[in-house]
Amino acid sequence: MAQSTVAPPDADTPGKGSARRVRTTKYNRREALAGYLFISPWIIGFLVFTAGTMIYSLVISFSDYNLATNAMRPVGTSNYAELLDNPKVATSLGNTLFYAVLAVPLEICFALFLALLLNGVGRGAGFFRTVFYLPKMTPMVATASIFLLLLNGNTGAINQGLRFLGISGPQWLVDPAWVKPSVVLMALWGVSGTMVIFLAALKNVPRDLYEVASLDGAGPVRKFFSITLPMISGAMFFNVIILTIAAFQVFDSAYLLFWRDQNNAVPESSLFYAVYLFQEAFRQFNFGFAAAMAWLLFVILMILTFIQVKVGNRFVYYEGGR
């Protein structure tokens with residue numbers, strides 16, 4: 001009795017398999033084309049306003065650029081050599097580094113503290129989240145105006161409160177030792193963006209871990225360091241990098257507090273790197289040197305981010321593995 005064999009679909013027609021692959025390829029190409037069309041506004045904006053301007057600024061950094069005539073005279077690496085000879089570059093970079101070392105840990109701790117408070121709120125949590133986030137929505141000019149009143153060494157509300165406690169408050173906006181802490185206080189006012197990221201991370205911590213730790217007799221402090229911190233280490237890692245980059249680019253708060261009124265004497269400790277870059281570009285019209293300053297800042301941030309990624313990955317817990 002002859003055995004009958006059943007051929008698989010399309011096996012008797014070799015051309016059908018290749019035709020199906022061709023149709024699949026065409027479908028994938030159409031899908032890819034549709035996707036690129038949807039994101040084309042972002043691609044065009046990135047190429048024109050980000051990548052294009054970065055390349056143009058790199059060209060300017062090797063020239064003496066005249067904004068009025070839009071003429072560039074090549075000067076080689078003299079702008080970068082001036083970065084080493086100009087004492088204000090070192091001063092502003094030192095002020096910015098000091099501010100970053102002071103501001104980033106304080107912002108992380110304060111934002112995490114607020115997030116822990118909100119995470120423990122039951123009823124009315126939405127109201128408190130809105131209240132805590134409102135400072136982030138306040139325009140920077142209005143915030144600076146408020147802090148100019150709060151930090152006034154003679155009549156400011158902060159020193160008035162310290163005087164009520166028997167403490168002589170400092171001259172926040174005049175004393176060089178307190179200039180950068182005053183900018184840090186203003187930065188803490190707008191820390192709610194970081195707080196929201198921490199709050200989202202806290203909401204994703206499994207409650208079962210806390211229950212098991214309670215059965216083992218762990219207290220709140222042990223739970224925080226053994227469960228909470230490891231489980232939100234990814235958000236911590238992200239916030240540290242973002243806040244470090246933002247700290248090295250600090251401009252608006254320092255400029256509005258100290259440099260808006262050029263008639264007053266301004267302490268040198270308030271000369272941050274971005275402020276000095278702004279002065280060179282839009283007051284001295286030294287665009288070539290300002291572009292070189294911008295690229296130096298870019299290289300510094302790239303190095304710092306690389307170090308943070310290499311070091312931070314050793315302490316970040318990834319639930320799905322590395």
- Among the candidates 70, 86, 79, single out the residue that is of a type in the set (S, T, N, Q) and loosely packed, with under 13 Cβ neighbours inside 10 Å. 70
- Message: With the requirement that a residue be surrounded by 15 or more Cβ atoms within 10 Å (Cβ to Cβ) and closer than 17 Å to residue 114 by Cα, what does region 198-214 give you?
- Response: 198, 199, 201, 202, 205
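Within region 293-307, is there a residue that is over 22 Å from the mean Cα position of the chain (by Cα) and surrounded by fewer than 16 Cβ atoms within 10 Å (Cβ to Cβ)?
So far as region 293-307 goes, no, none of its residues is over 22 Å from the mean Cα position of the chain (by Cα) and surrounded by fewer than 16 Cβ atoms within 10 Å (Cβ to Cβ).
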- Breaking point among (1) under 22 Å from residue 285 (Cα atoms); (2) among the β-branched types (Val, Ile, Thr); (3) modelled with pLDDT of 90 or more, for residue 44: (1)
- Query: Taking region 108-131 as the region of interest, how many residues are β-branched (Val, Ile, Thr) and within 13 Å of residue 191 (Cα to Cα)?
  - Reply: 2
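Which one of 119, 152 is modelled with pLDDT under 90 and closer than 16 Å to residue 256 by Cα?
152
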- Selection within region 301-322 - in contact with a helix residue (DSSP H, G or I) (Cβ under 7 Å, 6 or more places away or on another chain) and assigned to a helix (DSSP H, G or I): 301, 304, 305, 308, 312
- Message: Go through (1) farther than 30 Å from residue 287 by Cα; (2) in contact (Cβ under 8 Å) with a residue 60 or more places away in the chain; (3) outside the structural domain of residue 282 (by TED's automatic domain parsing) for residue 35 and report which single condition fails.
- Response: (2)
- Of the conditions (1) hydrophobic (A, V, I, L, M, F, W, C); (2) within 18 Å of residue 316 (Cβ to Cβ); (3) crowded, with 18+ Cβ neighbours inside 10 Å, residue 195 clears all except one; give me its number. (2)
- Somewhere in region 215-233, is a residue among the hydrophobic types (A, V, I, L, M, F, W, C) and surrounded by 19 or more Cβ atoms within 10 Å (Cβ to Cβ)? yes
- Mind telling me which of the residues 53, 96 ends up being under 20 Å from residue 299 (Cα atoms), in the same structural domain as residue 273 (by TED's automatic domain parsing) and not hydrophobic (A, V, I, L, M, F, W, C)? 96
- Task: Determine which member of the set 128, 113, 164, 132 is out of contact with any helix residue (DSSP H, G or I) (no Cβ under 8 Å at 6 or more places or on another chain), of a type outside the set (Ser, Thr, Tyr), at pLDDT below 90 and farther than 24 Å from residue 271 by Cα.
- Result: 164
- Looking at 142, 187, 125, which one is more than 19 Å from residue 252 (Cβ to Cβ) and among the small types (Gly, Ala, Ser)? 125
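Name the residue, out of 136, 88, that is touching a Ser or Thr at 6+ places or on another chain (Cβ under 6 Å), assigned by TED's automatic domain parsing to the domain that holds residue 244 and in a helix (DSSP H, G or I).
Residue meeting the stated conditions: 136.
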- Item | In region 198-230, residue nearest to residue 316 (Cα to Cα) [restricted to those that are over 28 Å from the mean Cα position of the chain (by Cα) and β-branched (Val, Ile, Thr)] | 221
- Run down 287, 282, 272 and say which single residue is within 29 Å of residue 78 (Cβ to Cβ) and surrounded by fewer than 18 Cβ atoms within 10 Å (Cβ to Cβ). 282
- Please give the helices (runs of 4 or more DSSP H) falling wholly within region 178-235 in which 2 or more residues are touching a residue at least 24 places away in the same chain (Cβ under 8 Å) and in contact with a helix residue (DSSP H, G or I) (Cβ under 6 Å, 6 or more places away or on another chain). 192-203
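The values are calculated or read from the model by the stated rules, or taken from the named source; none is laboratory data. It should be emphasised that the depicted structure is a prediction, and the values quoted were computed from it without experimental measurement. Neighbour counts are summed over all protein chains in view; Cβ atoms, including those assigned to glycine, are modelled from backbone coordinates with ideal geometry.
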